[in-house]
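The values are calculated or read from the model by the stated rules, or taken from the named source; none is laboratory data. Here the structure is a predicted model, which is why all the values come from computation and not from measurement. Cβ: placed from backbone, ideal geometry, glycine included. Neighbour counts: every protein chain shown. Side chains are part of the model used for accessible areas, which takes the heavy atoms of the whole protein and leaves out ligands, DNA and RNA. Shrake-Rupley method; radii C 1.70, N 1.55, O 1.52, S 1.80 Å.
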Amino acid sequence: MKILVTGGAGFIGSALIRFLRARQLAEVVNVDALTYAGNPESLPGLDMDPGYWFEKVDIRDRAALERVFRDHRPDAVMHLAAESHVDRSILGPEVFVDTNVVGTQNLLAVAREYGSSLDDRSDGPAAAPAATGQAYPLPPGPAVASPRERFRFHHISTDEVYGDLPLEAPAFTESTPYAPSSPYAASKAASDHLVRAWHRTYGLPVVVTNCSNNYGPYQFPEKLIPLMILNAMAGKPLPLYGDGGQIRDWLHVEDHAEALWVVLQRGEVGRTYNIGGDAERTNRQVVEAICDMLDARRGQAAGGGSGSHRDLIQYVADRPGHDRRYAIDSRRIQSELGWRPAHSFEAGLRETIQWYIDHPQWVQRVQSGAYREWIEANYAGRETTSASIGRG
Ligand code: NAD
Ligand code: DAU
């Protein structure tokens, strides 16, 4: 099987490719424009892998996409390329519409044309489903036949399309109405609608997944967890928006990669699957956990140190339109497809901190001039609020 992955040099895309290639589950064509968020160094060793190809292509460039499909003839598309950071979408929404909406439409159009050109004759019985390395058994696969019937377009989306969840409300299900709040979430919602429309109108064989907040190795340090780990390690302020009481559900990126593979293999065409980590935490809890884990490490190190990393926490002006809570009900993927997360949040967070400690060169390279300009643009205008408990 050959999979065309878009956005494979980003945080989740690179985890997916490392997952697929480490287990030899599929050959991979990585289509990525290498924006600020794309980093080939997140795919160590893959340049030597004969089952991996990289195409530096923008999904908004239709002719280039057509050429990639013609050259590589993939069996499936897993679409992750996107502008993904909410704060950037607030400061500059245009590129979010361009890439997430127009780019997705472009990819759908090319995939549809390509999919309908595939052979519709059976080439024998379906192969047995590949093992994923997890202990739970996968249900038997459907007896798919021709390359055209086997073709899939897997659209990777977010729980943010469902909008702000009241504190007492049950978690998002696959039928929760869409109510996106930020320009990012609105652009992802629009792309989800396009994907569903391409299925219903043109019969494109799609599956859609909506996932909660990912964390883990190789995450660009504009997002909460890597930003807080690196700032705390450097003794810099830890900027919590508003009162820090917003709730997110956290999933380790390797669990997400496995869920995506399971959905591609076993998911029902036209169906949506919510993916979550069953780990709701307030932002304050997340940042305090990072501080406590770093304190414990320092305490164990020779010479120790004084003061707590918690002293670096500063409450700053809130994100406009900030959603208070997201939570995912992932019973569908668990009961129908047999997937469940393998990492506990605390163990995954500890392992992630260790990864950032162990990879100073990766960190140093992504914290380039452009990164520093972003930090300045996003945080300089946010005054520290009276809720601040920072002493530094
Ligand atoms: P990311 O920002 O780390 O990576 C995005 C990748 O897409 C980068 O490699 C970038 O170079 C590439 N890209 C951007 N614009 C492109 C274009 N026009 N053409 C080709 N490539 C382009 O994002 P991520 O966090 O890895 O998220 C991947 C996907 O998963 C996104 O669609 C996002 O909406 C979704 N998602 C993310 C999370 C999360 O917590 N990070 C959760 C749920 C869903
Ligand atoms: O829910 C899934 C989404 O999770 C994905 O679709 C997005 O691509 C991904 O970026 C993420 O969006 P969030 O906005 O939830 O993630 P972020 O890491 O930016 O912020 C997490 C929470 O932490 C959010 O409530 C805002 C808060 N925050 C964030 C930063 C960067 C802070 O308090 N301070 C900060 O400096």
For ALA9, indicate whether it is within 11 Å of ligand 1 (Cβ to nearest atom) and assigned to a loop (DSSP other than H, G, I, E, B).
-> yes
Can you find even one residue in segment 17-33 that is polar (S, T, N, Q) and within 16 Å of ligand 2 (Cβ to nearest atom)?
-> no
Options ALA64, ALA37; residue that is within 16 Å of ligand 2 (Cβ to nearest atom) and among the small types (Gly, Ala, Ser) = ALA37
Run PHE54 past the list (1) within 20 Å of the chain's Cα centre (by Cα); (2) free of Cβ contacts under 8 Å to residues at least 60 places away in the same chain; (3) exposed (fewer than 14 other Cβ atoms within 10 Å of the Cβ) and report the number of the one that doesn't hold.
-> (3)
Is it the case that LEU230 is more than 20 Å from VAL161 (Cβ to Cβ), in contact (Cβ under 8 Å) with a residue 40 or more places away in the chain, assigned to a strand (DSSP E or B) and more than 15 Å from ligand 1 (Cβ to nearest atom)?
-> no
Filter result for VAL77 (more than 16 Å from ligand 2 (Cβ to nearest atom), out of contact with any Phe, Trp or Tyr (no Cβ under 6 Å at 6 or more places or on another chain) and aliphatic (A, V, I, L, M)) = no
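Okay, residues lined up against (1) in a loop (DSSP other than H, G, I, E, B); (2) within 12 Å of ligand 2 (Cβ to nearest atom); (3) open to solvent by 30 Å² or more (accessible area, probe 1.4 Å):
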| position | (1), (2), (3) |
| --- | --- |
| TYR184 | no, yes, no |
| HIS193 | no, no, yes |
| PRO217 | yes, no, no |
| ILE225 | no, yes, no |
Selection status of ASP243, in contact with an Asp or Glu (Cβ under 6 Å, 6 or more places away or on another chain), of a type outside the set (Val, Ile, Thr) and either within 22 Å of ALA171 (Cα to Cα) or in contact (Cβ under 8 Å) with a residue 24 or more places away in the chain (or both) | no
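Scan segment 30-70 residue by residue and report those that are among the charged types (D, E, K, R) and more than 23 Å from VAL102 (Cα to Cα).
GLU41, ASP47, ASP49
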Of the candidates LEU204, LEU224, the one satisfying the condition of being modelled with pLDDT of 95 or more and more than 10 Å from ligand 1 (Cβ to nearest atom) is LEU204
Within segment 93-114, can you find the residues that are buried (at least 24 other Cβ atoms within 10 Å of the Cβ) and either at pLDDT below 95 or farther than 30 Å from ARG150 by Cβ (or both)?
-> PHE96
Where residues in segment 233-242 are out of contact with any Ser or Thr (no Cβ under 9 Å at 6 or more places or on another chain) and assigned to a loop (DSSP other than H, G, I, E, B), which of them is least open to solvent (accessible area, probe 1.4 Å)?
-> GLY235
Among the residues of segment 80-92, is there at least one that is among the β-branched types (Val, Ile, Thr), away from ligand 2 (no atom under 15 Å from the Cβ), modelled with pLDDT of 95 or more and crowded, with 19+ Cβ neighbours inside 10 Å?
-> no
When the residues of segment 297-314 are filtered to those that are in contact with a helix residue (DSSP H, G or I) (Cβ under 9 Å, 6 or more places away or on another chain) and modelled with pLDDT of 95 or more, which remaining residue is nearest to LEU224 (Cα to Cα)?
-> ILE313
Tally, over segment 366-387, of residues that are over 24 Å from the mean Cα position of the chain (by Cα) and either open to solvent by 60 Å² or more (accessible area, probe 1.4 Å) or under 24 Å from GLU41 (Cβ atoms) (or both) = 7
Considering (1) under 17 Å from VAL262 (Cα atoms); (2) touching a residue at least 60 places away in the same chain (Cβ under 8 Å); (3) part of a loop (DSSP other than H, G, I, E, B), say which one GLN24 fails and leave the rest.
-> (2)
